[in-house]
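Below: the structure, in structure tokens.
The values are calculated or read from the model by the stated rules, or taken from the named source; none is laboratory data. Everything numeric here is computed off the predicted structure, so don't read it as measured data. Here the Cβ positions follow ideal geometry from the backbone for every residue, glycine too, while neighbour counts run over all protein chains shown.
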Amino acid sequence: MKINNMSGLTLGVDIGGTNTVFGVVDAEGNILARGAIRTTGHASFTEFISVLHTHVLHTLTDAGIDYGAIGAIGAGAPCLSPESGMIEGAVNLPWPSPLPLTAELERVFGIPAAGENDANVAALGEKCYGVARDLDNFIMLTLGTGVGSAIFCDGRLLHGRKGLAGELGHTHIRRGEGARQCGCGERGCLDAYASARGLVMTARELMMSSELPSVLRDNADLGAADIGEAAATGDPLAQEALRITGKLLGEACADFAAFSSPEAFVFFGGVANAFPLFNDVMTDEFNRRCLSIYRDKVRFIHSALPEADAALLGTAALGRMIMGEPAGVKLEICTGDPEGVIEAMRGGADRVELCSGLAEGGLTPSAAVIRFAARQLPVNVLIRPRAGDFVYTPAELDVMEDDVRMAVEAGANGIVTGVLTPDGNVDMEACRRLLQHAVSMDNTFHRAFDMTIDPFKALEDIISLGFKRILTSGQQASAVEGADLISELKKRAAGRIIIMAGAGVNPDNAAALLSASHADELHASARSIRRPSIVRAGNATMGSSEVADGSRAATDAAVVAAIKKAITR
Ligand SMILES: [Zn+2]
């Protein structure tokens with residue numbers, strides 16, 4: 001992950017439960033224009049993005065900034081997956097999940113967009129514009145309402161599965177019966193001690209257990225800021241509360257250092273405003289507890305970013321990272337064997353749909369090949385027990401359910417499936433049965449969609465089931481022929497689900513297909529004919545699908561790369 005130094009502006013958008021703030025930021029971190037809208041009160045998520053767009057345009061006009069000068073958008077929101085750009089399960093936002101945030105921003109603004117969750121945004125701001133500018137290895141701890149964290153290692157922000165890496169606030173700093181209850185349901189998390197709430201509780205405990213004099217004893221509505229202020233004026237109890245907090249943080253950081261060998265810890269947030277008052281005890285405790293190789297080698301730094309601007313600078317930094325990069329129409333490659341997975345990856349595929357028996361239209365692959373593929377890139381696994389129609393018997397559904405569990409265990413990023421009723425509708429009950437084992441995953445309803453009698457009803461059914469994506473050829477033999485229907489589906493989906501076009505996609509038609517269908521993503525098998533690698537003795541053939549001389553169609557990195565190039569703006 002490289003910070004882009006090119007000149008040009010980025011738009012930072014920070015979506016909170018009540019307000020959404022945005023700002024236009026230059027390469028040096030100057031906020032040239034800013035504005036805000038209410039997050040609540042819009043008829044739909046789509047309307048919210050459109051209102052945001054209007055406000056941004058007005059703000060730019062007022063500030064005399066040319067729209068064309070903005071190279072990218074960075075967005076921060078709770079529960080935002082950096083990989084999919086989807087907001088999932090954010091309880092503080094007024095719309096039901098999932099919300100395709102970056103896809104919708106790109107569609108409405110016509111500019112590449114990227115997203116991150118709140119804690120990661122803070123770290124990106126420090127890396128691009130703040131005290132971590134020259135650091136490739138640091139851990140950011142945000143001590144606010146809760147304890148958030150983000151980890152930069154080898155110059156990269158760590159994401160992990162679903163972008164959740166770095167939940168250090170919920171590692172255990174104390175264990176057993178006496179450990180404090182944390183909001184997450186566990187006991188003894190760092191969050192329960194070093195958050196604003198944790199600091200207040202420490203002060204209250206000291207009021208009960210000690211005779212230390214304090215102005216805080218008379219404060220019924222005690223907040224973390226009160227404790228910081230009192231400590232700064234020499235209040236013994238407030239100072240002791242911060243000393244205890246610093247000691248715990250030092251102890252926790254000694255463990256964290258062993259995990260990613262940081263050059264520094266960077267502190268941000270309300271409690272961190274008292275940094276000068278707990279830094280010494282924290283550093284001492286760290287050096288006493290850490291592995292000797294880290295002793296006196298790790299710095300503790302207080303963020304210098306103004307608290308009010310940090311979210312904007314962080315999201316703008318995120319935009320800066322993707323600036324100049326091609327906008328993302330994702331390419332999924334359908335393949336069935338280990339070699340194909342490697343070819344797909346080498347060609348720049350964003351994801352594979354993994355199946356066996358491609359010649360039969362694809363069948364459920366083995367656990368071993370899923371495990372292999374999942375180590376290379378995101379893998380969505382086809383769940384289809386046999387060729388033919390998509391109406392399944394109870395026994396087949398039992399096996400499919402078991403296959404979903406197997407695929408998830410083997411490391412699938414999502415499943416790809418589809419079940420229909422004999423009258424050509426989506427079999428809601430059967431789909432629910434399968435999805436219950438892959439909740440909130442990146443699931444696709446496959447081309448069974450193209451066999452439904454009413455595609456618009458099917459679209460609504462599939463959205464209500466919680467699928468993230470539909471793979472369709474627009475109910476035609478190829479996606480090029482079905483482009484009109486795909487375009488109509490995309491319009492009606494209005495960002496609620498990803499529309500992925502597939503069937504007959506090749507390097508020559510991919511770009512035209514995209515502009516005709518407005519599909520969000522493309523799906524292709526990207527194969528070329530491979531000659532047999534052994535000398536053949538007899539005339540035996542191994543199956544109807546094989547080309548007569550033993551050649552076979554195999555995924556080809558060059559074809560993958562050619563499609564990717566064709567669809568990159
Ligand atoms: Zn917790």
What's the number of the condition Ser149 fails, among (1) among the small types (Gly, Ala, Ser); (2) part of a helix (DSSP H, G or I); (3) within 16 Å of the ligand (Cβ to nearest atom)?
(2)
Scan the stretch 182-204 and give yes if some residue there is surrounded by fewer than 16 Cβ atoms within 10 Å (Cβ to Cβ) and away from the ligand (no atom under 16 Å from the Cβ), otherwise no.
yes
Output the number of residues of the stretch 166-181 satisfying the condition of being assigned to a loop (DSSP other than H, G, I, E, B) and either among the basic types (Lys, Arg) or surrounded by 15 or more Cβ atoms within 10 Å (Cβ to Cβ) (or both).
8
The condition from (1) assigned by TED's automatic domain parsing to the domain that holds Gly504; (2) at pLDDT 95 or above that Ala359 misses is numbered (2)
When you check Val91 against the structure, is it under 23 Å from Thr39 (Cβ atoms), more than 15 Å from the ligand (Cβ to nearest atom), among the aliphatic types (A, V, I, L, M) and in contact with a strand residue (DSSP E or B) (Cβ under 8 Å, 6 or more places away or on another chain), yes or no?
no
Selection from the stretch 428-449 of residues that are modelled with pLDDT under 95, buried (at least 20 other Cβ atoms within 10 Å of the Cβ) and of a type in the set (Gly, Ala, Ser)
Ala438
Considering only residues that are touching a residue at least 60 places away in the same chain (Cβ under 8 Å) and within 21 Å of Ala311 (Cβ to Cβ), look in the stretch 163-181 and name the one that is farthest from the ligand (Cβ to nearest atom).
Gly163
Could you tell me whether Leu222 is buried (at least 16 other Cβ atoms within 10 Å of the Cβ) and in a loop (DSSP other than H, G, I, E, B)?
yes
Need at least 2 residues that are hydroxyl-bearing (Ser, Thr, Tyr) and within 26 Å of Val559 (Cβ to Cβ) per element, so show me which helices (runs of 4 or more DSSP H) inside the stretch 455-518 make the cut, counting only ones lying wholly within it.
510-517
Checking Asp402 against (1) under 21 Å from Phe449 (Cα atoms); (2) surrounded by fewer than 17 Cβ atoms within 10 Å (Cβ to Cβ), which single condition isn't satisfied?
(1)
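Does Ala27 fit the bill of being closer than 16 Å to Gly125 by Cβ, in a loop (DSSP other than H, G, I, E, B) and in contact (Cβ under 8 Å) with a residue 60 or more places away in the chain? Before the answer, list the steps.
Details: closer than 16 Å to Gly125 by Cβ: yes; in a loop (DSSP other than H, G, I, E, B): yes; in contact (Cβ under 8 Å) with a residue 60 or more places away in the chain: yes.
Answer is yes for this residue.
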Residues (under 18 Å from Ser473 (Cα atoms), free of Cβ contacts under 8 Å to residues at least 40 places away in the same chain and under 28 Å from the mean Cα position of the chain (by Cα)) located in the stretch 420-460:
Phe445, Phe449, Ala458, Leu459, Glu460
Just to be sure, is Glu343 at negative phi, buried (at least 22 other Cβ atoms within 10 Å of the Cβ) and outside any helix (DSSP H, G or I)?
no
If we scan the stretch 312-321, do we find a residue that is under 26 Å from His518 (Cα atoms) and out of contact with any helix residue (DSSP H, G or I) (no Cβ under 9 Å at 6 or more places or on another chain)?
yes
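Conditions tested, residue by residue: (1) out of contact with any Ser or Thr (no Cβ under 6 Å at 6 or more places or on another chain); (2) modelled with pLDDT under 90; (3) farther than 19 Å from Asp14 by Cβ.
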residue: Thr315; (1), (2), (3): yes, no, no
residue: Met323; (1), (2), (3): yes, yes, no
residue: Pro326; (1), (2), (3): no, yes, yes
residue: Cys334; (1), (2), (3): no, no, yes
residue: Glu339; (1), (2), (3): yes, no, yes
For the stretch 72-88, does any single residue satisfy the condition of being away from the ligand (no atom under 16 Å from the Cβ) and either of a type in the set (Phe, Trp, Tyr) or within 22 Å of Ser261 (Cβ to Cβ) (or both)?
no
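Condition first: in contact with a Lys or Arg (Cβ under 9 Å, 6 or more places away or on another chain) and outside any strand (DSSP E or B). Can you find one or more residues in the stretch 89-103 that meet it?
Applying the first criterion (in contact with a Lys or Arg (Cβ under 9 Å, 6 or more places away or on another chain)) to the stretch 89-103 yields 98-100.
If we keep only those that are outside any strand (DSSP E or B) too, we end up with 98.
Checked against the condition, which is being in contact with a Lys or Arg (Cβ under 9 Å, 6 or more places away or on another chain) and outside any strand (DSSP E or B), the stretch 89-103 yields at least one hit.
For Thr472, state whether it is β-branched (Val, Ile, Thr), over 17 Å from Ser97 (Cα atoms) and over 29 Å from the mean Cα position of the chain (by Cα).
Working: β-branched (Val, Ile, Thr): yes; over 17 Å from Ser97 (Cα atoms): yes; over 29 Å from the mean Cα position of the chain (by Cα): no.
Against the criterion (β-branched (Val, Ile, Thr), over 17 Å from Ser97 (Cα atoms) and over 29 Å from the mean Cα position of the chain (by Cα)), Thr472 does not qualify.
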Selection count, the stretch 407-419, where residues are more than 23 Å from Gly502 (Cα to Cα) and either buried (at least 19 other Cβ atoms within 10 Å of the Cβ) or in contact (Cβ under 8 Å) with a residue 60 or more places away in the chain (or both)
1
